[in-house]
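For reference, the structure discussed in these notes is given below.
What follows is calculated from the coordinates using simple rules that are stated; it is not laboratory data. Given the structure is predicted, the values throughout are model-derived calculations rather than measurements. Every residue, glycine among them, receives a Cβ derived from its backbone with ideal geometry; neighbour counts consider all protein chains shown.
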Amino acid sequence: MAKKNLIYLLIILLLVIGCTVVSVKLYLVQKKANWYEKVLSSFYPPLATSLNYLSGRVVEKGADFIVVETTMRVKQFPAPDGSDLVKQRLKVKITDQTQIYHELTSNELAAKGYVLYGPMAEPISLEDYRTNLTLADINVDKDVFVLATDNIRGKTEIIASEIKVY
């Protein structure tokens, strides 16, 4: 009987020691993970709760809209499998108030005779380096930057206030 009780006591003691070792290892792993998160958070700030712009490529065009394919970050930290980034298609509605334009590059401005650098540089007005466009000027496979009227996070359809065509 005493031998049987001793075996039970040893089994219980081994289980307690095993559970303690596992708990300590889990605690150390969690502590290390928290340290990595703290270090990485200075390089990867938290995701913004509100987002009102996107850039991407036009994949479809309609009478009063375009569909833009963009890549959005959905997790704070990069994932090895790329699951932190998601390709998404957003329908961008264009209203009468939407400004559509193309900004000239520094090379295009220099070709027009503007001096951009040095002591002879001159200020350039918005009208001089921005060319107004219409929806008809936007083609499929064009890269665009869209500024929306509202928060776009979690939406599939947005209203644009500005569209910059590259």
For this session: Quick one: LEU54 ticks every box in (1) in a strand (DSSP E or B); (2) exposed (fewer than 13 other Cβ atoms within 10 Å of the Cβ) except a single one, so which number is it?
Result: (2)
For this session: Go through region 110-161 and count every residue that is among the acidic types (Asp, Glu) and under 23 Å from LEU47 (Cα atoms).
Result: 2
For this session: Considering only residues that are β-branched (Val, Ile, Thr) and within 25 Å of VAL67 (Cα to Cα), look in region 106-141 and name the one that is surrounded by the most Cβ atoms within 10 Å (Cβ to Cβ).
Result: ILE138
Problem set entry | Boolean, ASP96 is in a loop (DSSP other than H, G, I, E, B), closer than 15 Å to GLU162 by Cβ and free of Cβ contacts under 8 Å to residues at least 60 places away in the same chain | yes
For this session: Please state which of the following conditions LYS75 fails to meet, knowing it meets all the rest: (1) outside any strand (DSSP E or B); (2) without any contact (Cβ under 8 Å) to a residue 24 or more places away in the chain.
Result: (2)
Exercise. Is at least one residue of region 108-119 at negative phi, touching a strand residue (DSSP E or B) at 6+ places or on another chain (Cβ under 8 Å) and not acidic (Asp, Glu)?
Worked result: no
